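The values are calculated or read from the model by the stated rules, or taken from the named source; none is laboratory data. What you see is a predicted model; the values in this text were computed from it and never measured. All Cβ positions, even for glycine, are placed from backbone atoms using ideal geometry, and neighbour counts span all protein chains on display.
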Amino acid sequence: MGLRPGGRETVNKGMMMILLLFAVIFPAIVPAPAAFPVFIIVFGLAVGVFAISLLEDHEDRKFLFRIFIYCYLARIIVALLLHIVSIGSIDHPGFFIDDGWGYSENGATIAGGLKRGIPLQETIVKSSGMFVYKQWSVSGTISYYDYLNGIVYLFTGKSPLSMLFLNCMFGALTVLFIYFIAKAVFDRRAARLSAILCAFWPSLFLWSTQNLKEPLTIFLVVACIWSIVFFLKRANPVYLLITALALFALAKFRFIIALLVMAALFAHLLFFLYRVIRRQPSLLLVVVPAALLSLFFLGSGSHKILGLLTNEGVSLSNLLNTVDYSRSARAYANLAVLPGYKITSVWSLMVYFPVGLLVVLLAPFPWQLFSLSQIIAAPEMFAWYIMLPFLFKGIWYAFKNKADYLFSIFAYVAANVMMLSVLEGNIGTMFRHRSLMLIFVLIFIAVGITNSRKGEGSVPVR
């Protein structure tokens with residue numbers, strides 16, 4: 001799979017041109033609040049068709065064209081239906097999941113300020129190194145995702161459907177990148193099953209129909225990993241540029257996730273060094289001096305890092321207090337995880353970790369059906385339990401045979417599991433945040449299933 005040196009299929013090229021032409025003309029003749037949701041649908045279709053048309057293999061293009069259209073339009077329909085059903089809500093009209101309403105309201109306030117000439121930076125105040133949020137925030141906090149809502153509403157007017165359909169687009173485009181990754185590393189069968197699972201896995205599908213940060217975050221993480229995998233395949237520096245851009249955007253919307261991705265990429269680099277040195281121990285004579293020289297030239301930078309490590313503000317005690325606060329703040333209502341438990345020492349953290357790990361891997365449990373959203377999650381969890389053996393088999397195969405390409409994914413997933421295990425005190429929020437790694441886990445499930453169907457033989461790379 002790769003970029004074709006020249007030419008496109010006539011049908012795909014013609015369809016893309018028609019979609020782009022419609023996307024340009026339609027907003028000019030229809031009022032913005034009504035035009036932009038349609039514009040976003042058409043724009044997403046055009047981007048998807050263009051990406052698919054770059055593939056060399058006809059079978060890949062044929063499959064991806066169908067799966068992209070189906071999963072994209074299915075998301076649009078569900079997002080529209082859930083929006084219509086939720087319009088009658090007293091507290092959060094038009095939003096099936098409440099958090100989306102807060103982002104939308106803050107975005108409308110930001111857009112209103114921009115129209116009156118109020119600069120973005122004046123909507124928050126920075127005091128003593130911390131952001132202090134003004135009272136206009138209906139959620140009590142402000143993030144870059146609120147500003148994304150505001151910038152979109154600046155052009156569209158207050159148009160919740162525009163944000164919903166944008167996330168539908170990100171969700172559908174993510175499926176393409178998952179296919180590209182799986183096909184590049186494994187084979188067509190694993191790639192197709194990976195794409196199908198990611199396109200229609202219930203929770204991933206639901207989040208991408210709502211005004212939430214998850215769809216955009218997942219898209220940026222997957223784009224970053226895709227660019228690294230393809231760089232390892234083709235050594236084209238353009239892929240590194242894409243990685244940098246994706247990380248930059250990710251850091252704006254979800255800084256902690258950007259840190260996890262960067263840590264995973266660094267772990268991948270260390271893995272390569274380990275593999276190279278293991279094969280050629282003499283390279284230690286180059287690697288060790290290079291590392292020492294790097295530390296020397298960092299100069300004051302290295303001293304700052306050492307200073308941070310010894311700073312009282314990041315002491316072990318304060319770190320444990322932060323973990324306990326983060327976990328306890330979410331440990332409420334029916335889905336709380338050990339709400340009275342306190343993490344005050346390394347030992348109490350170690351005792352809690354297996355419980356948190358069990359929750360991350362297996363929750364929500366079948367008996368925890370306290371709301372409509374939890375009832376919806378039950379079939380997904382039954383499917384998840386059935387697929388767990390395939391997950392472990394797929395991870396084992398991938399790590400044994402494809403770690404050179406996928407080590408950053410292993411490191412990213414492992415870091416997410418550990419973080420969720422200790423920081424999430426509520427199964428509901430954990431269930432949503434787990435989607436940030438679930439998108440990659442489904443690839444391993446697909447590999448485990450396709451390997452099982454083939455027996456113990458290896459998956460050929462095409």
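Just a few scattered comments:
- Residue check for Met430: under 22 Å from the mean Cα position of the chain (by Cα) and closer than 30 Å to Leu82 by Cα: yes
- Single residue of Leu358, Leu316, Leu335, Leu320 found to be hydrophobic (A, V, I, L, M, F, W, C), more than 30 Å from Glu380 (Cα to Cα), at pLDDT 75 or above and surrounded by 11 or more Cβ atoms within 10 Å (Cβ to Cβ): Leu320
- Lys342 being among the charged types (D, E, K, R), closer than 25 Å to Val229 by Cα and assigned by TED's automatic domain parsing to the domain that holds Leu436: no
- Test: Ala199 is closer than 21 Å to Phe63 by Cα, part of a helix (DSSP H, G or I) and not polar (S, T, N, Q): yes
- Failed condition for Arg278, given (1) of a type in the set (Lys, Arg); (2) free of Cβ contacts under 8 Å to residues at least 40 places away in the same chain; (3) touching a helix residue (DSSP H, G or I) at 6+ places or on another chain (Cβ under 6 Å): (3)
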